[in-house]
Protein chains: 4
Amino acid sequence: MSFTEIVVRKDVQLENAILLEGLPGVGNVGKLATAHLIAELGATKCTEIYSSHFPPQVLIEESGEVRLVNNELFYWRGKKDARDLLFLTGEYQGMEASGQYELTLKLLELAKEMGVTTIYTLGGYGQGKLIPEPRVLGAATSLEMVERLRKVGVEFIEGEPGAGIVGASGLLLGLGKLRGIEGGCLMGETSGYMVDPKSAQALLVTLQKLLKIKVDLTELEKRAEQVDEITTQLREMESESPDEKQDFNYIG
Amino acid sequence: MSFTEIVVRKDVQLENAILLEGLPGVGNVGKLATAHLIAELGATKCTEIYSSHFPPQVLIEESGEVRLVNNELFYWRGKKDARDLLFLTGEYQGMEASGQYELTLKLLELAKEMGVTTIYTLGGYGQGKLIPEPRVLGAATSLEMVERLRKVGVEFIEGEPGAGIVGASGLLLGLGKLRGIEGGCLMGETSGYMVDPKSAQALLVTLQKLLKIKVDLTELEKRAEQVDEITTQLREMESESPDEKQDFNYIG
Amino acid sequence: MSFTEIVVRKDVQLENAILLEGLPGVGNVGKLATAHLIAELGATKCTEIYSSHFPPQVLIEESGEVRLVNNELFYWRGKKDARDLLFLTGEYQGMEASGQYELTLKLLELAKEMGVTTIYTLGGYGQGKLIPEPRVLGAATSLEMVERLRKVGVEFIEGEPGAGIVGASGLLLGLGKLRGIEGGCLMGETSGYMVDPKSAQALLVTLQKLLKIKVDLTELEKRAEQVDEITTQLREMESESPDEKQDFNYIG
Amino acid sequence: MSFTEIVVRKDVQLENAILLEGLPGVGNVGKLATAHLIAELGATKCTEIYSSHFPPQVLIEESGEVRLVNNELFYWRGKKDARDLLFLTGEYQGMEASGQYELTLKLLELAKEMGVTTIYTLGGYGQGKLIPEPRVLGAATSLEMVERLRKVGVEFIEGEPGAGIVGASGLLLGLGKLRGIEGGCLMGETSGYMVDPKSAQALLVTLQKLLKIKVDLTELEKRAEQVDEITTQLREMESESPDEKQDFNYIG
């Protein structure tokens, strides 16, 4: 018996909307990009999703108040050419395969009801090495979608990612296709060793063209520079001690 | 398919009652404190909860009789200023996330029916080092609750515990908040290396103020002294063999 | 979603019957004893239980035919003083806690319908060392049952087994008690290192008194002697190489 | 809560059909043989099976399009003496025992509806050493089936495979027998170290007689030769460095 409860904080109806998924994943690229868009566009929280597929855990806010781990939806009404947006973010993806499937199916149903007709999932593509100039790689539910993404600079490389896309970013597209919702995945290249705001920045440069929106990327650039500094220091330490190569861990 | 069966041994209706949770956890602080309160106040068992979320195991009593592992509720009717109390204790927490969620949701429903309006969850806060003077740290479902706990000496430290609260102590608050029940968590500081009656004692000093009750703590003090002696001996052994630091294990 | 299917090969109604459980466990003591009783008494198979709580596996018989792993019931109609018997045996216990609970609950329901009023579960009690003269230890659902077992030589030692009884042998008693069926567990002492026919033999000596039946134990004695020989050889090898003590593994 | 969705792409009714299962397994023997038959016979895809018992993963096709991992059915209408065939293949078997059982039960129901009366499951039998001349070993649901397989050259060796047959190849026979569908398993001997087209080829030689069909095996022979070359190289490397024996891993 599983438990999933959708709490509607604000009842919102969107039109021909785009769902943007940015849950935690490789390099946290998708989550960073989504969080940045939510903040810069001033999107509003409308829905909370609680589930036994998330860990049995509360987080503690600065005020001392507890908050049960969840996923959340934020909405933003489109302006000019830009379509309505619905953002999916949270602290965790569903645990285990059955949890991933159940949450994704419930979310697709909810998104359809709210007016979503397209899904873009955002993630990182771990390359296992430092990536000075991250590209944005893609996959999509149809050839039309492949073309639409290619036009804004998303690259499609045959056989990559070789293992396909695992987790919410893949499942929202795969099950979305089964449910008749078109979509695509945008993956910012990243080392996979650390949280990567530079990759998130590259993702957002492409995403702005796709969504026909314009946001300030300064904040993300600053964070990217901080990470660059740390990386440089680590590299220097590495070159000084050649015996202990590639021994720096994931830095959150 | 999961199995959970609530066996009502005594049908009890309480008024504006407080649920005190003391299931096993870090340092067994919550369980020790709850067991002590049940014994000193002479609380009465009213309910047994059996579930496939507990291990498939019977315990054997001194008489040779078997007892299926379970969780149990004990009640105590308030006197003077003290409100009615309902205690939750047992040998195990639910296994796996889904088990934790299911048991907590069933328990919240049951507690509401029995008249519970407030939940205090009791636990230990593992510091990874010996704590001569354990403080009591807190988290709560609302700012009013934070203030109520602070007034009786509970400390709120920004960003602690950093990982939030995992298990029954967290979930009862998180899901309780969703179900409209206010609550707070009281965590006695503890090393995390051994069962810690001293931390349970500190917790009870604070809890007496909060609950407006008075219980004898002598029994717990004696156990704390015994543990202190063992700890001192271990420290001496440690200082004699400086090469093998921090190598003593969890002592149940 | 779980699958459990009870296939009734022969519709049998028993009277005031005893269920004897002998599923695989420590030293396979319970399974050996049950298999021996089934063979010597000439009990008849009446029921097969298939379930997704068993591994997804078929076994291959000498003829080349496949057989899905299952649990099975055999019955024997009592004679003179001996009550009707129903035997539970199989290749596996249910996997995971939820599987153990579900199978045990279904089995209790079935056993009740078939006329079972008492349950004896048979198992081994692993002592971690060679046991030349295995005793039979016990646990039971009531003081009356404790006495009944003690009268036929079952020993009750305070605080043993310290960890209680895990698995089908424990759960049948614990859940049986909840469902109003009395019962007891008989545990033959065993090293826990190998399949132990000698412990099964000791169990059967006691069980014959309890069940008021008489069976030939020669076959089990022979197997016990074979294991004794292997053990003696292993001990000799051990004493010759004193540096590699206790390094022989479980021998099935 | 689990999710399984059967998508019928083409509504097909077969007559007295044979289901051939070739999901991934030891040496991928069954999958290779099935894929070869589908290609050579020109069988047509009719059904897709999606399930939360498969990993939450999409694969990416050369075009950049995503495809949710699934199992698929292909059909081929029999000619002359050959009966109708239904092929089951896919990227994964169901994960976990409960998933294997649920998927197999759903598939048996579906296959019966589509007209299947016999099941042959195809797999590899890992011998842990290189097999120059792989035999085809068998197991079956009845003595008649054992004879039918023996007549076309399938060997039945007492006590092999000792561990029985685990996974879809076993479960389709075991549960099929419970549901009244006859069947057999054909296992090509293989080392178990690498994907083994030679074993698949041996399997198909036997299978052609059983199914009364004729297919070109050239493609499979070529792949077998390639693997042979790699194996020879590895053996030579091995004999040159005698200290690091048997240290080559599974080669997909």
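Some notes on this structure:
- Top-ranked residue of segment B:143-179 - restricted to ones that are touching a helix residue (DSSP H, G or I) at 6+ places or on another chain (Cβ under 8 Å) and within 7 Å of chain A (Cβ to nearest Cβ), ranked as surrounded by the fewest Cβ atoms within 10 Å (Cβ to Cβ): B:PHE156
- Matching entry among B:THR104, B:THR121 (being touching an Asp or Glu at 6+ places or on another chain (Cβ under 8 Å) and buried (at least 18 other Cβ atoms within 10 Å of the Cβ)): B:THR121
- Which numbered condition D:PRO134 fails, given (1) closer than 22 Å to C:GLN57 by Cα; (2) touching a Lys or Arg at 6+ places or on another chain (Cβ under 8 Å): (1)
- The single condition among (1) acidic (Asp, Glu); (2) surrounded by fewer than 18 Cβ atoms within 10 Å (Cβ to Cβ); (3) away from chain A (no Cβ under 14 Å) that D:ASP84 does not satisfy is (2).
- Scope segment C:190-202; condition surrounded by fewer than 24 Cβ atoms within 10 Å (Cβ to Cβ), over 13 Å from the mean Cα position of the chain (by Cα) and not small (Gly, Ala, Ser); matching residues: C:TYR193, C:MET194
- Qualifying residue in segment B:241-248 (condition: modelled with pLDDT of 95 or more and either charged (D, E, K, R) or surrounded by 13 or more Cβ atoms within 10 Å (Cβ to Cβ) (or both)): no
- Criterion violated by D:THR34 - all others in (1) more than 12 Å from the chain's Cα centre (by Cα); (2) in contact (Cβ under 8 Å) with a residue 12 or more places away in the chain satisfied: (1)
- In segment A:96-103, the count of residues that are more than 14 Å from chain B (Cβ to nearest Cβ) and closer than 30 Å to D:PHE54 by Cα is one or more.
- Exclusive hit being modelled with pLDDT of 95 or more, more than 26 Å from A:GLY42 (Cα to Cα) and touching a Gly at 6+ places or on another chain (Cβ under 9 Å), set A:GLY176, A:GLY188: A:GLY176
- Residues satisfying the stated conditions in segment C:16-25, i.e. more than 12 Å from C:GLN93 (Cα to Cα) and not in a loop (DSSP other than H, G, I, E, B): C:ALA17, C:ILE18, C:LEU19, C:LEU20
- The residues listed here are A:LEU217, A:LEU143, A:LEU172, A:LEU211; of these, the one that is closer than 22 Å to A:ASP81 by Cα and touching a strand residue (DSSP E or B) at 6+ places or on another chain (Cβ under 9 Å) is A:LEU211.
- Considered as a group, the residues in segment D:37-65 that are charged (D, E, K, R) and either more than 7 Å from chain A (Cβ to nearest Cβ) or part of a strand (DSSP E or B) (or both) include one that is nearest to D:GLU219 (Cα to Cα), and that residue is D:GLU40.
- Tally, over segment C:71-81, of residues that are farther than 21 Å from C:LEU59 by Cα and surrounded by fewer than 18 Cβ atoms within 10 Å (Cβ to Cβ): 5
- Failed condition for C:ARG135, given (1) in contact with an Asp or Glu (Cβ under 6 Å, 6 or more places away or on another chain); (2) surrounded by 24 or more Cβ atoms within 10 Å (Cβ to Cβ); (3) of a type outside the set (A, V, I, L, M, F, W, C): (2)
- Residues located in segment D:177-229, provided they are in a helix (DSSP H, G or I) and closer than 26 Å to D:LEU110 by Cβ: D:LYS177, D:LEU178, D:ALA200, D:LEU203, D:LEU204, D:LEU207, D:LEU210, D:LEU211
- Failed item in (1) farther than 24 Å from A:GLU102 by Cα; (2) charged (D, E, K, R); (3) modelled with pLDDT of 95 or more, with D:ARG67 passing the rest: (1)
- Filtered by the rule that a residue be under 17 Å from the mean Cα position of the chain (by Cα) and either under 24 Å from D:PRO161 (Cβ atoms) or among the polar types (S, T, N, Q) (or both), segment C:50-85 gives C:ASN70, C:ASN71, C:GLU72.
- Residues that are among the β-branched types (Val, Ile, Thr) and either touching a residue at least 24 places away in the same chain (Cβ under 8 Å) or in contact with a Gly (Cβ under 6 Å, 6 or more places away or on another chain) (or both), drawn from segment D:140-166: D:THR141, D:VAL146, D:VAL152, D:VAL154, D:ILE165
- Of all positions in segment C:143-165, at least one carries a residue that is modelled with pLDDT of 95 or more and under 15 Å from the mean Cα position of the chain (by Cα).
The values are calculated or read from the model by the stated rules, or taken from the named source; none is laboratory data. Nothing here was measured: the structure is a model prediction, and the numbers come from that model. We place every Cβ from the backbone using ideal geometry, glycine too, and count neighbours over all the protein chains shown.
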